[in-house]
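**Q** Mind having a look at this structure? Questions to follow.
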Amino acid sequence: AASKKLSRCSKCNTVSYCSRECQVTNWKGGDGVVGHKYCCAAYKRVGEDNAIVYSEDKDTAKQDILSRIRFYSMPYAVTKQEIAGPGFLFLQSDASLATMSLPSPKLSNGRVYPKQRSILLHWLTMEEFSKELAMEDFELASVKKELKEAVEDHDSKSEVPVLMRFRCGHVSLGIVPLVPDFNLCKCLGEQYFG
């Protein structure tokens, strides 16, 4: 039997389809399946190898992750800051940046990611960071100076210092806008965390 030639999505160039009908059906999704429309840009960014090469793509991936968890992570940061004092939001995952940036657990090669994707959130003070993480982890210790500056210089009513670490070895530090705003984060934090 002759094999049928598969066509690829012209935008991401990673997903293959047996027919135009299958492509149209898959575009919007349905029946609990995320449509390709929502994953296409992310698949283009990670490619067939499920890896992110360019720094601008890494920045976009981190923004995508933060935007998906902001209604939990930002109220968490505001609440923990009031309890523990000045510090930073530490996000870590046992998945790679590329895998975590995908809108669904389906990889660009069509396979489902074999484990539950997750992000662990911690609010750490600089003292906790120095005692618990920087002593044993060279990559994290290398950002200690910049992290200290971010914690000291950010506006706690509108910004949050964030340190991210992924299984792929990617470590990132930045100050992100507090979205939703401080008052809403405080209200949500009281509801989420008591």
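**Q** For the chain, which longest stretch is free of loop sites, where a loop site is one of the GluC sites (Glu not before Pro) that DSSP puts outside H, G, I, E and B and that has at most 14 other Cβ atoms within 10 Å?
**A** Working: sites that count: Glu48, Glu136.
Between the exposed loop sites, the longest stretch runs 49-135.
**Q** So, one more: Amide H neighbours of Ala95 under 5 Å, counting only residues 5+ apart in sequence or on other chains, H built in-plane at 1.01 Å?
**A** Ser118, Arg167
**Q** Using each residue's phi in segment 6-12, evaluate 6.51 cos²θ - 1.76 cosθ + 1.60 at θ = phi - 60° and report the 3J(HN,Hα) Karplus result to the nearest Hz, with x for Gly and Pro.
**A** 8, 9, 9, 4, 6, 8, 9
**Q** Right, next: Among the trypsin sites (Lys or Arg not before Pro) within segment 120-172, which fall in a DSSP loop and have no more than 15 other Cβ atoms within 10 Å of their own Cβ? Let's see the in-between values first.
**A** Numbers: sites: Lys131, Lys144, Lys145, Lys148, Lys157, Arg165, Arg167; in loops: Lys157, Arg167.
Answer by residue number: Lys157, Arg167.
**Q** For helix 55-84, what angle does its Cα long axis make with the longest principal axis of the chain, in degrees from 0 to 90 and rounded to 10?
**A** 40
**Q** A follow-up question, please. Considering only protein heavy atoms and a probe of 1.4 Å, how much of the accessible area of segment 35-194 is carbon and sulfur, as a whole percent?
**A** Here carbon and sulfur together make up 51 percent of the probe-accessible area.
**Q** Also, quick follow-up: Could you work out how far helix 36-46 tilts from the main Cα principal axis of the chain, as a 0 to 90 degree angle to the nearest 10?
**A** So the helix axis and the longest Cα principal axis differ by about 70 degrees.
**Q** Let me ask something additional. State, as an integer percentage, the relative contact order of the chain based on alpha-carbon contacts under 8 Å between residues 6 or more apart.
**A** Values: 269 pairs, mean separation 42.2, N = 194.
This gives 22 percent for the chain.
**Q** Can you tally the net charge around Thr79? Count Lys and Arg as +1, Asp and Glu as -1, for every other residue whose Cβ sits under 9 Å from the Cβ of Thr79.
**A** 0
**Q** Go through (1) 0.97; (2) 1.20; (3) 1.08 and flag the label whose value is the computed Cα Rg over 2.2 N^0.38 Å for this structure.
**A** (2)
**Q** Okay, next question. Could you give the Stokes-Einstein D for segment 1-99 in µm² per second, using the C-alpha Kirkwood radius, 25 °C, 0.890 mPa s?
**A** Values: Rh = 16.4 Å.
It diffuses with D of about 150 µm²/s by this estimate.
**Q** Let me ask another. When ligands, DNA and RNA are left out and all protein chains stay put, how many square angstrom of accessible area per residue does the chain have with a 1.4 Å probe? If you can, show how the numbers build up before the last one.
**A** Details: 11530 Å² over 194 residues.
Averaged over the residues of the chain, the accessible area is 59 Å².
**Q** Separate question: Rounded to the nearest 0.05, what FRET efficiency is calculated for Glu190 and Ile69 with R0 set to 22 Å and r the Cβ-Cβ distance?
**A** Working: r = 19 Å, r/R0 = 0.85.
Here the calculated transfer efficiency is 0.70.
**Q** Where Lys and Arg each count +1 and Asp and Glu each count -1, what net charge lies around Val179 among other residues with Cβ under 11 Å from its Cβ? If you can, show how the numbers build up before the last one.
**A** Details: positive: Arg70; negative: Glu159, Asp181.
It works out to a net charge of -1.
The values are calculated or read from the model by the stated rules, or taken from the named source; none is laboratory data. Please read these numbers as outputs of a predicted model, since none were measured by experiment. Glycine also receives a Cβ, built like all others from the backbone with ideal geometry; neighbour counts cover every protein chain displayed. For the accessible areas, the whole protein counts, side chains as well, though only heavy atoms, and no ligand, DNA or RNA atoms are used. Shrake-Rupley method; radii C 1.70, N 1.55, O 1.52, S 1.80 Å.
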